[in-house]
Amino acid sequence: MDYRKIMEDIYNEILPFADKGKQADYIPALAKVDPDQFGMCLKTIAGDEYPFMQADTRFSIQSIAKVFALAMGLSLKGESLWGKVGKEPSGTAFNSLVQLEIEKGKPRNPFINAGAIVVADILLTELDDAEGEFLRFVRALSGNDSVDYNMEVALSERQTGYLNAAIANLLKYHGTIENDIEQVLMFYFKMCSVEMSCRELANAFLAFTNHVPFDFAGYRLSQSRIKRLNAVMQTCGFYDEAGEFSYLVGLPGKSGVGGGIVAVYPMRYSVAVWSPRLNSRGNSVMGMKALELLTTATQESIF
């Protein structure tokens with residue numbers, strides 16, 4: 001498969017969407033990001049790599065970090081993790097308070113904000129240095145020890161994160177989180193602030209592509225658990241646009257409001273794409289379209 005040529009053709013086809021949407025300007029640090037950027041990288045489990053355009057430009061991965069946090073949580077807690085957070089699609093906005101209140105403080109899944117805050121709390125409870133361990137895990141997955149938090153982004157989110165603070169307080173009220181609210185929120189914002197490139201993300205997600213047991217930085221997942229993590233990405237990885245992504249792209253994946261999207265074709269490849277302009281549901285306009293065209297051109301999806 002000539003993925004490089006396919007990417008070139010895809011980019012030419014999605015150029016009419018280049019000015020659609022806008023970056024996540026409700027986070028001040030992300031509002032400063034040049035929205036007219038595009039990067040993509042596909043990596044096969046055989047080791048072949050296909051970087052395209054700004055594949056090595058780092059950006060704030062935001063909610064993509066929730067996949068890494070969930071992997072750590074499953075390694076530490078196993079199936080008991082699901083006692084505090086569900087695994088069902090939300091059908092509502094990623095920062096909904098209404099659903100959380102109706103369902104008495106148990107988030108629908110670990111990829112909406114409430115669910116990720118619960119997973120952050122679990123990691124803080126289980127680990128002596130959760131912030132350091134999270135970075136160590138992500139660096140091991142990506143193969144790059146320079147991956148780090150962007151404190152400007154993390155502090156920017158904390159300063160304007162009133163809704164996330166409300167979510168954390170509601171979780172605390174229902175007894176779903178154990179640790180100090182401020183500590184949990186700062187860890188959550190730091191996780192989201194991690195900066196990675198498309199190349200680094202594609203490399204990191206190979207661990208979820210190749211369905212064999214893995215051990216990275218001491219965190220272990222069985223083959224069965226990796227498959228189930230893929231299932232949660234498939235059904236919950238794109239906020240309330242997960243059904244649309246499944247319909248158009250047909251791959252498990254995760255998006256972030258930094259404009260990044262990572263998807264996996266099990267036992268074949270992982271692919272990351274980045275373009276900061278988002279649609280109304282918080283997903284990259286050009287990224288969504290690029291992955292739709294990729295699976296159409298290659299006829300490679302899980303369906």
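Grab the DSSP H runs of the chain that are 4 residues or longer, score each as -39,500 (n - 2.57), total them, divide by all residues and round the 222 nm result to the nearest 500 deg cm²/dmol. Walk me through the numbers before you get to the answer.
Details: 14 runs with 142 residues, N = 303.
Only helices count here, giving -14000 deg cm²/dmol.
Treat segment 57-215 as a sphere of radius equal to its Kirkwood radius over Cα pairs and apply Stokes-Einstein at 10 °C in a medium of 1.306 mPa s; give the translational diffusion coefficient in µm²/s, rounded to a whole number. Let's see the in-between values first.
Numbers: Rh = 15.8 Å.
In µm²/s, the coefficient rounds to 100.
Report, in whole Å, the centroid distance computed from the Cα atoms of segment 236-303 and segment 134-160.
22 Å
For each cysteine in the chain, check whether another cysteine's C-beta sits under 4.7 Å from its C-beta; list those where none does.
That list is C192, C236.
Using the Cα centre of the chain as origin and beta-carbon charges of +1 (Lys, Arg) and -1 (Asp, Glu), tell me which of N150, A31, N210 is placed farthest towards the positive end of the dipole.
Result: N210, furthest along the dipole toward the positive end.
Please compute the contact order of segment 3-298 in relative form: average sequence separation of alpha-carbon pairs under 8 Å and at least six residues apart, divided by the residue count, as a percent.
Working: 600 pairs, mean separation 85.4, N = 296.
Relative contact order comes out at 29 percent.
By the gyration tensor of its Cα atoms, with a ≥ b ≥ c the square roots of the eigenvalues, what is the shape of segment 8-52: rounded for a/c under 1.5, prolate for a/b over b/c, or oblate?
oblate
Diagonalise the Cα gyration tensor of the chain and give the resulting equivalent ellipsoid semi-axes, square root of 5 times each eigenvalue, largest first, whole Å.
Semi-axes from the Cα gyration tensor: 28, 21, 18 Å.
Cα convex hull of segment 128-192: how many Å³ per residue?
87 Å³
What's the ranking of 243-252, 97-106 by average number of surrounding C-beta atoms within 10 Å, highest first?
Output ranking for 243-252, 97-106: 243-252, 97-106.
FYI, it's all coordinate maths here, none of it is from the lab. All figures in this text were calculated on a predicted structure; none of them were measured in a lab. Here the Cβ is made from the backbone with ideal geometry for all residues, glycine too, and neighbour counts use every protein chain on show.
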